[in-house]
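The values are calculated or read from the model by the stated rules, or taken from the named source; none is laboratory data. The structure presented is a predicted model; accordingly, all values stated were derived computationally and were not measured. Virtual Cβ from ideal backbone geometry, glycine too; neighbours counted across all protein chains shown. Remember, those area values only see protein heavy atoms, side chains included, never the ligands or the DNA or RNA. Shrake-Rupley method; radii C 1.70, N 1.55, O 1.52, S 1.80 Å.
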Protein chains: 2
Amino acid sequence: MTSPRIILLAHGSSDKRWCETFEQLADPTLKAVDNARIAYMELAEPSMDTVIAEGVAEGASDFIIIPLFLAAGRHLRKDVPAMIKELEHTHGASIHLAPPIGENPVLGQAIRDVVMMQLEKAPS
Amino acid sequence: MTSPRIILLAHGSSDKRWCETFEQLADPTLKAVDNARIAYMELAEPSMDTVIAEGVAEGASDFIIIPLFLAAGRHLRKDVPAMIKELEHTHGASIHLAPPIGENPVLGQAIRDVVMMQLEKAPS
């Protein structure tokens with residue numbers, strides 16, 4: 001049995017700058033984790049459907065979706081679980097939805113580090 | 001002249017669980033930085049107006065707003081700058097809008113760390 005494939009799920013936007021920021025956010029993970037991908041919930045490509053279809057074509061059957069969201073709102077509580085249920089049916093895959101990254105304490109520490117950098121730059 | 005006050009700006013929601021996640025995300029910063037506060041753009045309290053009014057009443061005149069957003073969309077490109085302009089006028093304060101936290105490379109590294117933890121938990 002192969003390891004589950006990681007999909008970093010971003011919201012998506014028709015604004016390319018939005019997607020570029022998420023691609024930069026995903027970059028360290030994509031470099032560190034074999035076969036990890038970014039996918040967008042809506043308004044941008046690749047979609048979850050595209051990425052899971054590619055994975056299944058390459059022999060993968062298990063996926064973990066890690067939402068690049070700071071907190072869970074309606075999208076993660078309702079829309080994405082419904083999409084996953086349909087994707088599992090369509091692709092015969094097992095798809096696990098992980099908590100949004102913002103629920104991991106690592107993120108709060110990273111925010112503190114960003115604020116510290118910002119304060120060093122600020123005139124006082 | 002005193003240091004600028006840090007305001008961590010979250011989107012806000014009528015869902016208490018949303019705000020609780022942001023309060024946990026803000027916690028390491030609020031413990032590390034004197035007079036730092038969290039504020040919500042909409043749908044939750046305290047608002048930016050509330051937090052800036054309190055700061056000004058305590059003698060502060062300079063504020064840095066650090067958006068707890070992973071990327072800049074319409075809210076950060078249009079809505080928040082317009083709100084800031086009005087808040088500066090209302091309170092006679094100087095308010096600087098910093099980039100969203102997601103534009104700092106520290107966040108991409110934190111995401112990689114979260115994914116690594118998730119992979120350790122996953123059955124393989």
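Here are the numbers for the structure shown:
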quantity: Number of positions in segment A:57-82 that are closer than 19 Å to B:GLY102 by Cα and in a loop (DSSP other than H, G, I, E, B); calculated: 6
quantity: Residue list for segment A:1-25, restricted to those being more than 16 Å from A:ILE101 (Cβ to Cβ), open to solvent by 60 Å² or more (accessible area, probe 1.4 Å) and assigned to a helix (DSSP H, G or I); calculated: A:LYS16, A:ARG17, A:GLU20
quantity: Verdict on B:THR50 being farther than 25 Å from A:PHE22 by Cβ, in contact with an Asp or Glu (Cβ under 9 Å, 6 or more places away or on another chain) and open to solvent by 20 Å² or more (accessible area, probe 1.4 Å); calculated: no
quantity: Test: residue in segment B:78-91 that is without any contact (Cβ under 8 Å) to a residue 40 or more places away in the chain and under 30 Å from A:ALA32 (Cβ atoms); calculated: no
quantity: Residue check for B:GLU58: within 11 Å of chain A (Cβ to nearest Cβ) and either under 16 Å from B:ILE95 (Cα atoms) or open to solvent by 40 Å² or more (accessible area, probe 1.4 Å) (or both); calculated: no
quantity: Yes/no for A:VAL80 being open to solvent by less than 50 Å² (accessible area, probe 1.4 Å) and more than 14 Å from chain B (Cβ to nearest Cβ); calculated: yes
quantity: Residues of segment A:83-124 classified as open to solvent by less than 20 Å² (accessible area, probe 1.4 Å), more than 15 Å from B:LEU30 (Cα to Cα), assigned to a helix (DSSP H, G or I) and facing chain B (nearest Cβ under 7 Å), total; calculated: 2
quantity: When residues of segment B:26-37 are limited to those that are open to solvent by less than 20 Å² (accessible area, probe 1.4 Å) and of a type outside the set (Gly, Ala, Ser), the one nearest to the other protein chains (Cβ to nearest Cβ); calculated: B:THR29
